[in-house]
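Each reported figure results from applying straightforward, stated rules to the coordinates on display, with no laboratory input. Not measured: the values here are computed from a predicted model. Cβ sites come from the backbone with ideal geometry, for glycine too, and all protein chains shown count toward neighbours.
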């Protein structure tokens, strides 16, 4: 694909329609010139918020939670002042303060100048970064993308299940969806066949090892392969992970922002009464990711990159090519 060459894309593209089309380009490890492969694991940043949302919806379906439950009642010791609902947390309409506001703050990695990234290993480690900040607006007033809200959801999951967050996702999503190569890996002990994220400077590259929390969690940071994402979309849509009723609730438009409509942990794109795609995305230093499910064709397109950018350009190009062919 010419676009890959044009933007010097580094990563994997995976399109599953009637037939499967894949491409890999660039290096998973630039120092050793180890190339990216179709089965390479990549970080997906905020793309993994959907995993958090799915677990919450599972717990609602099991009667262990309700979308109307309030954070201040579920976690009174940590968040007594945040009278927001699970529904509002899932839809970025809670107004909670954020530990990193993507719409107004600078570089994400600047966070770790005062708070060492190697200490950020669990959801609880993030609480001091936003607990005592003032609310941004009244709960339910509007949409404002919020990372801290998903940290709170992760803490709720841990309380309800009595398990560590990553363990819950592995049991409830990765295992049943046959996502055998996915996980929440530590940056200083990445498993084999994992792409290292790279940040481009003026005349050199550096790894993202000191730019991210050492381990991902409820607001982002999982590692997946393109094939695992295809398995995830299939199992999400066919009822393996959620009942039809709960899945329908997740895929409804609950809020809208500048970047589009939003369900529970998922972006929704369409016109009138027709949905053209459900999609997720993630951007971190050394990470760019887009993955989408197109209901009309039941097709999946995933773009994973170990650079700051590239995924958006590639997915847009492929979508335009598909439209021209039809």
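Before moving on, here are some points about what is shown:
- Projecting label points 7 angstrom from Cα along Cα→Cβ for residue 298 and residue 32 puts them 4.1 nm apart.
- What the Cβ-Cβ distance of residue 62 and residue 110 gives, at R0 = 45 Å and to the nearest 0.05, is a FRET efficiency of 0.65.
- Listed peptides 58-67, 44-53 appear in the order 44-53, 58-67 once ranked by packing, highest mean of other Cβ atoms within 10 Å at the front.
- Here the calculated FRET efficiency for residue 77 and residue 180, from their Cβ-Cβ distance with R0 = 35 Å, stands at 0.40, rounded to the nearest 0.05.
- Cα shape, region 165-246, gyration tensor, a/c 1.5 rule: prolate
- Look at 201, 158, 138 and count the other Cβ atoms within 10 Å of each Cβ; fewest to most, that gives 201, 138, 158.
- Inter-part distance where region 39-82 and region 132-198 are each reduced to a Cα centre, Å: 8 Å
- For the pair residue 210 and residue 3, the difference between a 0.36 nm per residue extended length and the Cα-Cα distance amounts to 71.5 nm.
- 20, 117 arranged by Cβ crowding within 10 Å, fewest neighbours leading: 20, 117
- Relative contact order of the chain, taken over Cα pairs closer than 8 Å and 6 or more residues apart, is 26 percent.
- Cβ-to-Cβ counts within 10 Å put 288, 10, 256, 305 in ascending order as 256, 10, 288, 305, the fewest first.
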